[in-house]
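Remarks on the structure that follows.
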Amino acid sequence: MARRPDSDAGSPQGRAATIRDVATRAGVSVATVSRVLTGNYPVAATTRTRVLRAVRDLDYVVNAHARALAGNRSKIIAVLLSNLTSPFYNRVASGVEQQAVAEDRLCMVSTTGGDPEREVKLVETLREQSVDAVVLVGGVIDGPEYREHMARLARLLDSAGSRLVVCGRPSPGENLPVTVVEYDNAGGAFAATSHLLSQGHRRVLFIGGDPQNTTTRDRLDGYRRAIQAYGVAEDPSLVIVGNQLPPFAYAELKKRLAAGPPDFTAVFAWDDHIAARALVAFREAGVSVPDDVSVIGYNDEQEAQDLYPALTTVSIPHMELGREAVRLALHRDEAAAPNQHVMLGTHIVLRDSVRPRINV
């Protein structure tokens with residue numbers, strides 16, 4: 001009697017499983033197995049599941065490939081940043097490097113330019129280099145295609161003995177072999193907006209950020225929840241989003257100020273860089289901060305302390321984000337679940353750019 005492809009039999013005794021054994025067990029062609037393992041071509045979800053189950057049951061990837069490489073792993077932690085100029089990315093990457101050194105690993109940095117397709121290609125390349133972990137830093141344009149790509153890459157990295165880590169962004173999906181290290185982005189925005197509202201401000205302008213980016217999404221969520229909590233009617237005209245570059249926010253604010261006096265008494269800027277450009281726009285329009293308008297930022301960059309007035313802002317645990325990403329990725333075997341998720345806290349740093357609203 002012919003043996004069913006999904007029988008419990010493994011590879012022939014005395015040798016490691018081959019790709020043909022996997023194909024036979026899964027009831028597919030060798031080419032299909034190769035496509036699933038490399039991720040270069042689309043494969044039906046049910047077929048992918050059968051192949052991955054066969055890989056796991058036969059210990060094909062773990063035993064014949066990853067375990068064979070175990071003594072020759074690169075001992076590299078790869079970190080992918082949108083760019084090298086942003087202090088946010090630099091400080092998180094510094095945390096990654098600090099912990100990598102402490103764990104006797106090298107840290108390799110590459111940039112994506114904010115391009116999701118380049119990010120995916122880099123992860124695929126790094127998988128072939130047997131890196132210990134790939135750390136993706138910062139917000140991302142979320143969507144079904146991105147989640148599908150990340151889910152596939154997480155599984156492929158895991159099958160090769162590596163680890164996908166997302167840092168400062170949400171998980172790409174449930175029940176994936178991925179490490180997630182976030183900070184309370186929405187909570188920080190809620191606290192910032194609540195601080196302005198507690199000072200008597202009722203018309204708070206939110207400015208900056210790409211509306212499709214996960215970071216903007218969370219900060220807008222916190223902003224809106226605070227407004228609702230204080231019983232203030234939400235005004236869509238007080239939300240200006242488009243992209244996260246300071247020149248965009250500066251131009252939009254200049255246009256609004258040119259139309260007349262500010263129709264708001266406070267600004268919650270997407271980050272400190274946008275807040276800095278807002279201060280310039282107000283100064284050029286003869287609007288005093290904080291006497292006429294209060295301003296609060298996000299990220300607590302060094303720039304926030306050097307501005308005049310010094311900027312009230314939300315502080316992020318940049319270095320700890322990077323350190324925790326590496327710690328969890330390298331010691332994931334100590335966790336009971338295949339997925340790891342840590343949320344770090346944020347807090348407001350009070351300086352000079354916010355003043356109570358009088359006679360409201």
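The values are calculated or read from the model by the stated rules, or taken from the named source; none is laboratory data. Computed from a predicted model, the values in this text were never measured in an experiment. Cβ: placed from backbone, ideal geometry, glycine included. Neighbour counts: every protein chain shown. Note: accessible area is taken over every heavy atom of the protein model, side chains too, but ligands, DNA and RNA are not part of it. Shrake-Rupley method; radii C 1.70, N 1.55, O 1.52, S 1.80 Å.
Checked against the criterion of being under 15 Å from the mean Cα position of the chain (by Cα) and crowded, with 19+ Cβ neighbours inside 10 Å, the range 104-117 contains one or more residues that satisfy it. Residue check: VAL280 meets all listed conditions (1) touching a residue at least 24 places away in the same chain (Cβ under 8 Å); (2) not in a helix (DSSP H, G or I) but one, namely (2). For the range 283-296, filtering for residues that are in contact (Cβ under 8 Å) with a residue 40 or more places away in the chain, crowded, with 17+ Cβ neighbours inside 10 Å and not in a strand (DSSP E or B) leaves 2.
If you go through the range 212-239 and keep only what is in contact (Cβ under 8 Å) with a residue 24 or more places away in the chain, surrounded by fewer than 19 Cβ atoms within 10 Å (Cβ to Cβ) and not in a helix (DSSP H, G or I), you end up with GLN212, TYR230, VAL232, ASP235, VAL239. Here VAL134 meets the list (1) over 13 Å from the mean Cα position of the chain (by Cα); (2) open to solvent by less than 10 Å² (accessible area, probe 1.4 Å) almost entirely, failing just condition (1). Taken over the range 193-211, residues that are under 17 Å from ASP292 (Cα atoms) and assigned to a loop (DSSP other than H, G, I, E, B) amount to 5. Evaluating ARG163 against the criteria (1) open to solvent by 10 Å² or more (accessible area, probe 1.4 Å); (2) at pLDDT 85 or above; (3) basic (Lys, Arg) leaves one unmet condition, (1). Note on the range 17-41: residues that are open to solvent by less than 60 Å² (accessible area, probe 1.4 Å) and either outside any loop (DSSP other than H, G, I, E, B) or at pLDDT below 65 (or both) amount to 15.
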